[in-house]
There are 2 protein chains.
Amino acid sequence: MTYCVGLKLEEGIIFVSDTRTNAGLDNVAKFRKMYTWEVPNERAIALMTAGNLATTQATIGLLNERTKASEQRQSSLLEMASMFEVAQLVGRTLREVISEHRSHGMAASGDFDASIIVGGQVGSDAPTMFMIYPEGNFIEVSEDTPFLQIGEIKYGRPILVRAHSHDMGFSDGLKLLTLSFDATMQANLSVGLPLDIAVYENGSHTFSQRYRITEDDPQFQQVSNGWGDALRSAFDAVPGIERDRLQPFIQR
Amino acid sequence: MTYCVGLKLEEGIIFVSDTRTNAGLDNVAKFRKMYTWEVPNERAIALMTAGNLATTQATIGLLNERTKASEQRQSSLLEMASMFEVAQLVGRTLREVISEHRSHGMAASGDFDASIIVGGQVGSDAPTMFMIYPEGNFIEVSEDTPFLQIGEIKYGRPILVRAHSHDMGFSDGLKLLTLSFDATMQANLSVGLPLDIAVYENGSHTFSQRYRITEDDPQFQQVSNGWGDALRSAFDAVPGIERDRLQPFIQR
C-alpha cells in the first residue's frame with residue numbers, strides 16, 4: 001500500500017509520499033513514489049503515484065522518455081502550455097498503460113489500477129495540483145479542500161479535515177502532513193517511513209527543497225510523540241458523556 | 001455503509017452503532033443495527049451488524065426465531081452455556097445465511113457479506129466480546145486492543161488507537177467512541193446520526209441502559225465542537241517542522 005498527500009498553501013505546495021510497497025506482508029520493499037521535473041525559471045512539476053507498481057513505473061517511464069526523444073518532445077511534460085495540459089497528458093498516459101496491461105493480461109479488473117497526484121507551476125500561471133484517476137480523468141484541488149490524497153487515505157483524513165487551514169505556513173503544513181502520515185502508519189503496516197518530501201514555493205520553478213524523513217529524524221519523533229501527549233490533553237479537555245443526560249432509547 | 005464499535009472497559013462494555021444504511025447515495029434509510037437479548041439475572045447479549053442488510057436481518061431473524069420455537073430452544077442464544085458458544089452460534093448462522101444467498105443468487109463474491117460484533121455476559125463468566133467474520137470464524141477482544149470495529153472502520157481508528165486506555169470509565173469511554181464516530185461521519189456521508197448506544201455493566205445481566213444520540217443532543221454537540229477546538233490547541237502545542245533541520249534528499 002501507499003499513502004501520498006499534496007497540500008496547497010498560500011505560499012506554495014507541499015508533496016509528501018511514503019516509500020513502502022508490498023505484494024503481501026512478507027514482500028515489502030522500498031520504492032520511490034515521488035518524481036519531479038524542472039525547467040529553470042519556467043516550470044516545475046511534481047508527481048506522486050499509488051497503486052500497481054508496474055503501472056506507475058511504466059507511466060513514469062513513458063513520461064520520461066518523451067522528455068528525452070526530440071521528435072516526441074512537443075508532447076512531453078516539458079512542453080505542455082499549462083498544468084491543466086500536464087494533467088491531461090499524465091491522465092492519457094496512465095489510461096493507455098492500464099488498458100494495455102489489461103488487454104494482454106489477466107481479466108481481473110482493478111489489478112492494474114493506479115492513481116496519481118500531479119502539481120506544480122508552469123510559467124506565471126497560478127501553481128495548482130490535480131488528482132488523476134485510473135480512467136485518466138482528474139479533479140483539481142480547491143480552496144475549500146486544499147489537500148489531495150491517494151492510496152491508503154482514510155486513517156490520515158480526519159486530522160486533515162479538522163486541522164487544515166488555507167493560511168497555514170510551510171512549517172505548520174509539514175507538521176499537519178506528518179501527523180496525517182503518523183496516524184496512517186500507526187494503523188497500517190504497509191505504509192512506512194522514510195517519507196519523501198518536496199516543497200514548492202510559488203514562483204520558484206524549482207524543487208530544490210527535497211527532503212527525506214527517516215525513523216530517527218528528531219523532528220519527526222518530536223511531532224509523533226508530542227502529538228500523543230497533546231492528543232491526550234485534548235481528550236481530557238473535552239467533557240465526558242454522562243449517561244443520565246442522554247436520551248433513553250425506547251425499545252419498540 | 002455502517003460503523004459499529006464495541007469497547008471493553010474494566011466496568012463493562014459499551015456498544016455504539018450508527019443507524020444509516022444505503023444502497024447508493026440516493027437511497028439512504030435508517031435501520032437499527034443493534035440488537036439485545038436478556039434473561040434477567042442470567043445473561044445479557046448485545047449484537048451489532050455491518051454489511052448486506054438482507055444478510056444481517058435474515059441472521060437476526062433466525063437467531064430470534066430459535067429463541068421462540070420451543071423445539072429449537074436448546075440451540076438458541078438464550079440457552080448457550082457461554083459467550084464463546086454464543087459466538088459460535090452466531091457465526092454458524094451468519095455463514096449459513098451467506099452461503100444460502102450465494103448459492104441461489106448472483107455469483108458476485110462479497111455481495112452478501114456481513115460482519116457482526118457480539119458481546120455480553122453469561123452467568124458469572126467474565127463479560128467478553130467477539131467480532132465475527134462472514135466466514136463464521138471470530139476473534140475475541142483483548143486487553144491490548146480493547147475495542148472491536150466493523151463497517152467503515154478506518155476514519156475512526158486513529159483516535160481509538162491513540163486515546164483508549166484500559167482503565168477509563170464509562171463517561172470517558174462514551175466520549176472516546178463519540179469522537180471516533182464524529183471523525184467517521186465527517187469523512188463519510190454514509191455513516192450518520194442517530195447513534196444507538198448500549199452500556200453493559202459487569203454483573204448486571206441487563207441492557208436497561210440503552211440510549212440514542214440524535215443531531216440535537218447537547219452532549220454530542222459539546223463533544224464534537226469542543227473536540228475541534230481542543231484538536232486545534234493540540235495542533236498548535238506541537239512544534240512545527242522546520243525545513244532547515246530536515247535531512248535533504250539527494251537525487252540520484
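The values are calculated or read from the model by the stated rules, or taken from the named source; none is laboratory data. Quantities reported herein were computed from a predicted structural model and do not represent experimental measurements. Here the Cβ positions follow ideal geometry from the backbone for every residue, glycine too, while neighbour counts run over all protein chains shown. When the accessible area is computed, the model is the full protein with side chains, heavy atoms only, and any ligands, DNA or RNA have been set aside. Shrake-Rupley method; radii C 1.70, N 1.55, O 1.52, S 1.80 Å.
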Review point. With Cβ to Cβ distances under 13 Å as the rule, what net charge do the other residues near B:Gly91 carry (K, R +1; D, E -1)?
Key: -2
Check your understanding: In a shell of Cβ-Cβ distance under 10 Å around B:Ser208, excluding B:Ser208 itself, what net charge do Lys and Arg (+1) and Asp and Glu (-1) give?
Key -> -1
Review point. For the protein assembly as shown, what is the accessible area per residue in Å² when the probe is 1.4 Å?
Key: 42 Å²
Exercise for review: Using only Cα positions of the protein assembly as shown, each an equal point scatterer, no hydration layer, compute I(q)/I(0) via Debye at q = 0.05, 0.07 Å⁻¹ and quote the log10 values to two decimals.
Suggested key: -0.23, -0.45
Exercise for review: Please compute the net charge surrounding B:Pro127, taking Lys and Arg as +1 and Asp and Glu as -1 over other residues with Cβ under 12 Å from its Cβ.
Suggested key: -3
Check your understanding: Hey, with R₀ at 51 Å, roughly what FRET efficiency would B:Asp216 and A:Gln74 work out to, going by the Cβ-Cβ distance, to 0.05?
Key -> 0.25
Point to revise | Shortest-first nm distances, A:Glu42 label point to equivalent points in other copies (7 Å, Cα→Cβ) | key: 8.4
Review point. Roughly to the nearest percent, how much of the accessible area of the protein assembly as shown is carbon and sulfur, given a 1.4 Å probe?
Key: 47 percent
**Study point:** Rounded, prolate or oblate (a/c below 1.5 giving rounded, otherwise prolate when a/b exceeds b/c) for the range A:3-235 by Cα gyration tensor
**Key:** oblate
Check your understanding: Once you average over the residues of B:166-176, how many Cβ atoms of partner chains fall within 10 Å of each Cβ?
Key -> 3
Point to revise | Inter-copy separations for B:Ser75, label at 7 Å along Cα-Cβ, nm, ascending | key: 6.5
Review point. What's the center-to-center distance, using Cα atoms, between the range A:170-204 and the range B:42-59 in Å?
Key: 40 Å
Practice item. Run through the other copies and list how far each one's label point is from that of A:Ser142, in nm with one decimal, shortest first; the point sits 7 Å from Cα along Cα-Cβ. Key: 4.3
Check your understanding: Can you list the aspartates and glutamates whose alpha carbon is less than 15 Å from that of A:Lys8, not counting same-chain residues fewer than 8 positions off?
Key -> A:Asp125, A:Glu140, A:Glu143, A:Asp144, A:Asp167, A:Asp172, A:Glu201
